[in-house]
Amino acid sequence: MVADLASAAPRLAVIVPIFRHASLLIEAIESVLAQRLEGGLRLLLVNDGCPFQETDEVCATYAMAYPEIVTYLRKANGGLSDARDCGIRHVLAHLPSVEALYMLDADNRLHPDALARALAALDAAPEVDWIYPNIDMFGLEKQWDYGGDYSLLIHSGMNICEAGSLIRRRVFEAGVLFDTGFKMGWEDWDFFLSAAQSGFRGKNIEDFGFLYRKRPESMLADSERDRGALQGAMQQKHKPLYTPRSLVALEHAEAPRYAIHIADRGEIICCVDPDAPGIHRIGFAEFEQNYWNAQISPGRDRTPPFNIVLSSTVLDGLREARLLHWVLWKLETICETGAIAALSVQTGARDRLSVSVTSHTDKPGQHSKAVAVAVPTRLFSDVIRDPQSDWIDSLARRNPDPPVTTLEVQLPQAASILTKLKRPSAIFDTLSLVHRMRASQWAAAADHRWTHRVAGVHLRGREHTLPRRAFDGAPLLPRVPDGRRHIGFLLPLVEFGGVEKVAQQMARGLRAHGWVPHAFVLGCDDIALTPDWSETFETTNLLADAGFSAWGGGARDYLGTNVPKWAESGRHGVVLGLLHWLDAAINFHGGAAVGLMGQLRRMGVKTLNSLHLNDLTPLGRPVGNTYLGVAYEHAFDYFVPCSHQLGDWLNGLGVPQDKIVPVQNAPGFEIDPDITARRIAARRMRSESEPLRVLYLGRLDRQKGLDRLAEVIRLSKAERLNVTWRVLGKAVIAEDAPALPPEVAAVLEPPVSRPRDLAAAYAWADVVVLLSRYEGLPLTVLEAMRAGAVVIATDVGATGEVLRDGETGVLVPQDNAVDECMAALRRFSQNRPDLAPLAERAVAAGAVRDWTAATADLAAIITPQEKPRVQSVGT
């Protein structure tokens, strides 16, 4: 009865904005007046400058007929949001008893019990801030189901809350109103996202009683035509919500991506990041019911889209190897091809990590060694609903019917628990899971339709695709913010040449300043990996993508340096998906990785470019990473040259001084000073009659002047100098490796990379020779000086910043390097005491160089003033 709605202190207010719906308005008003509701309500009719006289007449008539219920407000046209806000402000100012407000568009209507049901739902759930409906359309008839738990992540990808929702007063009192800037549509979507970002949450109820008039041509149809512009405006306004970090944090909290089946424990971990707080552990019975509920009620219930089967030993082993998140990412990537993903682990070469991906047709039987298995979403559903099991059971055979792709990882740690597994059981554990699910008592229910409604929340169960939208659909590394500061080091390879050693030591220095370093190797799938490297970097991640090429192929040059094709047109989304969660990223000669930096910067990741030297062409033309960095200067927050000389060069090429933060190189490994002192003392005790010990240690690439080294070795032997030679190293850059001169080959030894082996090599040497054609600030020079070996080096790059000719070593000119080097060797081999003062001053100069001190300025610049907080919009 209408009389029951009249109250001096109404609990509810219904706001109807009106523009050009004069005739239909009567239906909307009558549906409100027909509400069976205790506590009373106030109906506010807001005429938004409608040009039709009929609108004014209808509103005025109802206001006069029901003055205790209907309030008529007239205003100049301002749009739908402005009209709603007008009614909201009136309620807040004049109706203090109103507890909740309902927005009803003038062409829609309500079931007589709609508001009573919604109010009862609010009363029953004090923590809920609005009640939103399923949508029953009339005109063009369709019934949409928007049930299931409210999800801000899903709401970021589609509008699940109709404006016709009952909203608590406290939402508006917190300052959340409809944005008058949204005039083309989506104003209700924007409103509820604003409310959610302010900490408010909604709830759906089954039979709200909201009736939505659907016509082929409408304001909603216009909104769809303007989708691109509206989407851009939405994402710009709610920028913090749409960052990948926020979306993945929401995914972890609301919609776990993985169901990790721990076979030996009988439990399932539901999560995105298995090392983050908030993971959900359930038993098989709960997983089983949840899974079949999602099949029975798609859009209302969900289950993680990726099922991964392994043992607790494998899970712990992947953590120990610091590969857990990368392996999950790689298995997910394989699943996206439609194949079952299998992980096998073997012991590889000493101090090396390598990965390969092979199909079951390329390497039959390889999958049988699997320690983990991941099953794609659709395939998992198909096999457990298939009445026949022969197809999936063939997984137990050497040549299975289902497509299987194996990720084979060869670990350097022979003692790893992963390499000690006697009988990997992941294949059989996966088949056991499949058969248990096929035998479920709930399975038959999935073959029936249980509701007349159509699933409206089409993203339920596919929430993992939402963060991917910014990455061209590529999977994202499963990492969520944890309150620490993470920095990624982007490298094309890891072979412990100078650049990789600088990366490792810079990472060590930044770790001392509170940063957590991670290595991302983009250009190869086989790398050197020493225990010292693993102790420095919290994780090592390999792109292992044949589509990535660090250099070449581009159609344009910048100041003579080719802009790599991948930088301009590569599959950036794949690599960005690996890096999205970082606080900072530093490019270490990653070449084409410069093409990522502008995009990372837009995501809020600080971008840095570590530079070491100008490469030279065979004709002596400077080219390379330095010029490429200058070409992409705008994409970097900071440039990190290894010397002040290179910093000045960058400034001269147009890099602003404020963006240049030199981090002068220090020795490439740490060593106990007492050990060094003892070895220096032992060198002094050697007999002067012994041969002079001369060492070359480094890469056997063109840059290093191997032809000069070979000539010096030949001349020293021809003159029968009292000299013993050792050459330690290997070619790293194949296209830059000249034919190995026989003089060098005759004394060549394998490269060394472990600190104790490097220290022993320097301790052996009296003299270290480095006749490079171009350099940055060579680590070999710094390490040799610290060890008390006298360095003979060409005066290139910033070598002269640390090596003073005649004071701490010998600098020889580029144009006469061989003759000057020979002169120094003659002198030292014939007058051994001449080494001592040079060595002492070199030790003193080398002792003051330290990576913690060297990285202090950089750490201070890139570290936020306040401790970073976990960005978790959904918690």
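The values are calculated or read from the model by the stated rules, or taken from the named source; none is laboratory data. Fair warning: this is a prediction, and the values are worked out from it, not measured in the lab. Note that each Cβ is placed from the backbone with ideal geometry, even for glycine, and that neighbours are counted across all protein chains shown.
Cβ-Cβ distances below 6 Å connect the following pairs, each with a first residue in segment 191-204 that is closer than 19 Å to Ala120 by Cβ, a second residue that is in a loop (DSSP other than H, G, I, E, B) and of a type in the set (D, E, K, R), and a separation of six or more residues or different chains: Arg201/Asp129.
Quick one: would you say Leu407 is part of a helix (DSSP H, G or I), in the same structural domain as Val327 (by TED's automatic domain parsing) and either within 30 Å of the chain's Cα centre (by Cα) or over 28 Å from Tyr146 (Cα atoms) (or both)? Considered against the rule, which asks whether it is part of a helix (DSSP H, G or I), in the same structural domain as Val327 (by TED's automatic domain parsing) and either within 30 Å of the chain's Cα centre (by Cα) or over 28 Å from Tyr146 (Cα atoms) (or both), Leu407 comes out as no.
Taking segment 702-729 as the range and being farther than 18 Å from Gln830 by Cα, without any contact (Cβ under 8 Å) to a residue 60 or more places away in the chain and not in a helix (DSSP H, G or I) as the test, the residues that pass are Arg726, Val727, Leu728, Gly729. Only residues that are out of contact with any Lys or Arg (no Cβ under 6 Å at 6 or more places or on another chain) and more than 13 Å from Arg168 (Cα to Cα) were counted across segment 125-137, and they come to 4. The condition of being at pLDDT below 95 and either surrounded by 22 or more Cβ atoms within 10 Å (Cβ to Cβ) or small (Gly, Ala, Ser) (or both) holds for only one of Gly497, Gly509, that being Gly497. Tell me, please, whether a residue that is surrounded by fewer than 24 Cβ atoms within 10 Å (Cβ to Cβ) and β-branched (Val, Ile, Thr) can be found in segment 752-770. Yes, segment 752-770 contains a residue that is surrounded by fewer than 24 Cβ atoms within 10 Å (Cβ to Cβ) and β-branched (Val, Ile, Thr).
Of note, Glu690 satisfies the criterion of being part of a loop (DSSP other than H, G, I, E, B) and either touching a His at 6+ places or on another chain (Cβ under 8 Å) or at pLDDT 90 or above (or both).
Could we say that Leu331 is part of a strand (DSSP E or B) and buried (at least 23 other Cβ atoms within 10 Å of the Cβ) here? For Leu331, the condition - part of a strand (DSSP E or B) and buried (at least 23 other Cβ atoms within 10 Å of the Cβ) - is not met.
Among residues of segment 10-29 being out of contact with any Cys (no Cβ under 9 Å at 6 or more places or on another chain) and free of Cβ contacts under 8 Å to residues at least 40 places away in the same chain, the one that is nearest to Phe210 (Cα to Cα) is Ile26. Of a type in the set (Asp, Glu) and in contact with a helix residue (DSSP H, G or I) (Cβ under 8 Å, 6 or more places away or on another chain) - does that describe any residue in segment 26-44? Yes, the conditions are met somewhere in segment 26-44. Being closer than 29 Å to Gly620 by Cα and either of a type in the set (Phe, Trp, Tyr) or at pLDDT 90 or above (or both): is that true of Ala745 here? Spelling it out, Ala745 is indeed closer than 29 Å to Gly620 by Cα and either of a type in the set (Phe, Trp, Tyr) or at pLDDT 90 or above (or both). Every condition in (1) in contact with a Ser or Thr (Cβ under 7 Å, 6 or more places away or on another chain); (2) under 28 Å from Ala22 (Cβ atoms) is met by Ile131 except one, and the failing one is (2). Just to be sure before I move on: is Arg468 of a type in the set (Lys, Arg), modelled with pLDDT of 95 or more and within 23 Å of Trp533 (Cα to Cα) in the structure I sent? Here the answer is no, as Arg468 does not meet what is asked. Look at segment 378-398: where a residue is within 23 Å of Ala294 (Cβ to Cβ) and a partner is modelled with pLDDT under 90 and assigned to a helix (DSSP H, G or I), sitting 6+ places away or on another chain with Cβ atoms under 8 Å, you get Ile384/Ala443; Arg385/Ala443; Arg385/Ala446. Here no strands (runs of 3 or more DSSP E) wholly within segment 74-171 include at least 1 residues being at pLDDT 95 or above, among the charged types (D, E, K, R) and under 22 Å from Ala455 (Cβ atoms). Scanning segment 597-617 for residues that are out of contact with any Cys (no Cβ under 6 Å at 6 or more places or on another chain) and either in contact (Cβ under 8 Å) with a residue 60 or more places away in the chain or closer than 15 Å to Asn651 by Cα (or both) yields a count of 11. When Ser223 is tested against (1) modelled with pLDDT of 85 or more; (2) in a helix (DSSP H, G or I); (3) of a type outside the set (A, V, I, L, M); (4) farther than 30 Å from Ala374 by Cα, exactly one condition is not met: (1).
Taking each residue of segment 672-693 that is in the same structural domain as Leu838 (by TED's automatic domain parsing) and under 15 Å from Val767 (Cβ atoms) and looking for partners that are at pLDDT 90 or above and of a type in the set (Asp, Glu) with beta-carbon atoms closer than 6 Å, six or more apart or interchain, yields Leu692/Asp766; Arg693/Asp766. Evaluation of Ala519 against the conditions (1) touching a helix residue (DSSP H, G or I) at 6+ places or on another chain (Cβ under 9 Å); (2) crowded, with 20+ Cβ neighbours inside 10 Å; (3) in contact (Cβ under 8 Å) with a residue 60 or more places away in the chain shows that the sole unmet condition is (3). Among the residues of segment 76-86, at least one is closer than 23 Å to Gly209 by Cβ and of a type in the set (D, E, K, R). Among the residues of segment 301-314, those that are surrounded by fewer than 21 Cβ atoms within 10 Å (Cβ to Cβ) and either free of Cβ contacts under 8 Å to residues at least 60 places away in the same chain or closer than 30 Å to Lys422 by Cβ (or both) comprise Ser311, Ser312, Thr313.
Cβ-Cβ distances below 6 Å connect the following pairs, each with a first residue in segment 628-646 that is under 12 Å from Val663 (Cα atoms), a second residue that is of a type in the set (Asp, Glu), and a separation of six or more residues or different chains: Ser643/Glu801. Within segment 146-171, residues that are within 11 Å of Asn134 (Cβ to Cβ) and not assigned by TED's automatic domain parsing to the domain that holds His452 sit with their Cβ atoms under 6 Å from residues that are of a type in the set (S, T, N, Q) and at pLDDT below 95, at 6+ positions apart or across chains, in these pairs: Tyr146/Asn134. Scan segment 462-490 for residues that are assigned to a loop (DSSP other than H, G, I, E, B) and surrounded by 22 or more Cβ atoms within 10 Å (Cβ to Cβ) and jot them down. Within segment 462-490, Glu463, His464, Pro475, Leu476, Leu477, Pro478, Arg479, Val480 qualify.
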